[in-house]
Amino acid sequence: MSAASRSRYRWAVPLEQTTGRWSGVNMRELIKQYPVIIEQDVSWSDMDAYQHVNNAVYFRYFEDVRIAYFEKAGINTHMEKTNQGPILASTRCDFRAPLRFPDRIRIATDVTETRDNRFTMTYIVYSEKMDKVVAEGEALVVYYNYDLRRSCQVPEPILAAMTGMHAGTEG
């Protein structure tokens, strides 16, 4: 497989997005860099015995914004019609600061790389109370044919929607 066919798109990540560089970032500028951002309150039940949000909860935050992204990109509708869609292959989280109740957070995501049968998503969790990013994450999502039980190519309309969202040109 050639390098061109393995990597359809590779979007550069700006220097200010590199690990640990988010403290004090202007929220308006941050919003411009992510096509999907959701807001929610930190729940008391998100806390653990150490009085901060439990590490496993961040993966739920990532899932919430990932599903919002899938909705916006038409992935869920496509899956209902074809039984082909995303399956999470791997995910990780880097914790930057302890998040506590009460707080309001913004969770943002974008697709930063696509390949024939998969794409990479990046995430951030921004605390309004602390005015900084408290976590960063990444996921590898594989496109999967649930009837054949194997990976398949990311459909062109989905790739076009993701590219348009990243460039800020979606309809």
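The values are calculated or read from the model by the stated rules, or taken from the named source; none is laboratory data. Keep in mind that what you see is a predicted model, and the values were worked out from it rather than measured. Here Cβ is always computed from backbone atoms with ideal geometry, including for glycine, and neighbour counts include all displayed protein chains. Remember, those area values only see protein heavy atoms, side chains included, never the ligands or the DNA or RNA. Shrake-Rupley method; radii C 1.70, N 1.55, O 1.52, S 1.80 Å.
At 7 Å along the Cα-to-beta-carbon direction for both residue 41 and residue 72, put a label point, then send me their distance in nm to one decimal.
2.4
Can you tell me which lysines have their Cα less than 29 Å from the Cα of residue 129? Leave out same-chain residues fewer than eight positions away.
Partners within reach: 32, 72.
So with the 1.4 Å probe, I'd like the accessible area per residue for region 65-171, rounded to whole Å².
Numbers: 4920 Å² over 107 residues.
Using a 1.4 Å probe on heavy atoms only, each residue of region 65-171 averages 46 Å².
Taking N as the number of residues in region 46-171, what is its alpha-carbon radius of gyration divided by 2.2 N^0.38 Å?
After normalising by residue count via 2.2 N^0.38 Å, the value is 1.15.
In the neighborhood of residue 56, defined by Cβ-to-Cβ distances under 14 Å, what is the net charge if each Lys or Arg adds +1 and each Asp or Glu adds -1? Before the final figure, lay out the partial values.
Values: positive: 60, 92; negative: 46, 48, 63, 64.
That works out to -2.
For residue 132, go through the aspartates and glutamates and keep the ones whose alpha-carbon is under 17 Å away, minus same-chain ones fewer than eight residues off.
16, 29, 39, 41, 94, 103
Post the alpha-carbon centroid distance, region 121-171 to region 79-113, in whole angstrom.
That distance is 8 Å.
For region 102-111, take each phi angle, set θ = phi - 60°, evaluate the Karplus expression 6.51 cos²θ - 1.76 cosθ + 1.60, and give the result in whole Hz per residue in order, putting x for glycine and proline.
Taking θ as phi minus 60°, the curve returns x, 6, 10, 10, 10, 10, 10, 8, 8, 8 Hz for region 102-111.
At 1.4 Å probe size, with no ligands or nucleic acids counted, give the accessible surface of residue 147 in Å², nearest ten.
Number for this one is 100 Å².
Stretched out fully, how many nm does the piece from residue 116 to residue 148 gain, at 0.36 nm a residue minus the Cα gap? Walk me through the intermediate numbers first.
Details: separation 32, 0.36 × 32 = 11.52 nm, distance 1.73 nm.
Extra length from residue 116 to residue 148 when fully extended: 9.8 nm.
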